[in-house]
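The values are calculated or read from the model by the stated rules, or taken from the named source; none is laboratory data. Not measured: the values here are computed from a predicted model. Don't worry about glycine lacking a Cβ; one is built from the backbone with ideal geometry, like all the others, and counts go over all protein chains shown. Calculation scope for accessible area: heavy atoms of the full protein, side chains included, ligands and nucleic acids excluded. Shrake-Rupley method; radii C 1.70, N 1.55, O 1.52, S 1.80 Å.
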Amino acid sequence: QVQLVESGGGLVQAGGSLRLSCAASGSIFNIKAMGWYLQGPGKQRELVAIITSGGSTNYADSVKGRFTISRDNAKNTVYLQMNSLKPEDTAVYYCKLESGYGIFWGKGTLVTVSS
């Protein structure tokens, strides 16, 4: 079993920054990618950013140039540095791990950006 624990969410003013962390533990094998998704109120979960085991990254157009995903393989942790935050970034942010054994999700961390 794999456990993902997100942290770093909170309340920030527009233009501010937050850094999310997601620590993976448990039966972690053959990780293909880790990423961040967001889900706003009444909306579907959508991709924010993803990083593969090889270090390739992909971002949603809405966050390009503002958010940066990174990964510490030794700690099995993925980070999301969020700068120039906007009220429309308000959502629950979920960590996702894709491995050869399945797909796993964290419970989410709430990010609220006030105008």
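Laid out as a table, the results:
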| item | result |
| --- | --- |
| Mean separation of Cα contacts under 8 Å, 6 or more apart, over the residue count of the chain: relative contact order % | 37 percent |
| Proximal lysines relative to residue 75, as straight alpha-carbon distance under 17 Å, when same-chain residues fewer than 8 apart are discounted | 32, 96 |
| Percent accessible area from carbon and sulfur atoms, the chain, protein chains only, probe 1.4 Å | 48 percent |
| Net +/- balance of residues flanking residue 4 in space, Cβ distance below 15 Å, scoring K and R +1, D and E -1 | +3 |
| Mean accessible surface per residue for segment 41-115, computed with a 1.4 Å probe while every protein chain stays in place, in Å² | 55 Å² |
| Under 12 Å, Cβ to Cβ, from residue 49 - net charge with Lys/Arg +1 and Asp/Glu -1 | +2 |
| Nearest-20 debye value, the chain charge dipole, Cβ charges on Lys, Arg, Asp, Glu | 60 debye |
| Partner aspartates and glutamates for residue 43 [C-alpha distance under 17 Å; skip if fewer than 8 residues away on the same chain] | 88, 89 |
| Difference of contour (0.36 nm per residue) and Cα-Cα distance, residue 101 to residue 57 | 13.7 nm |
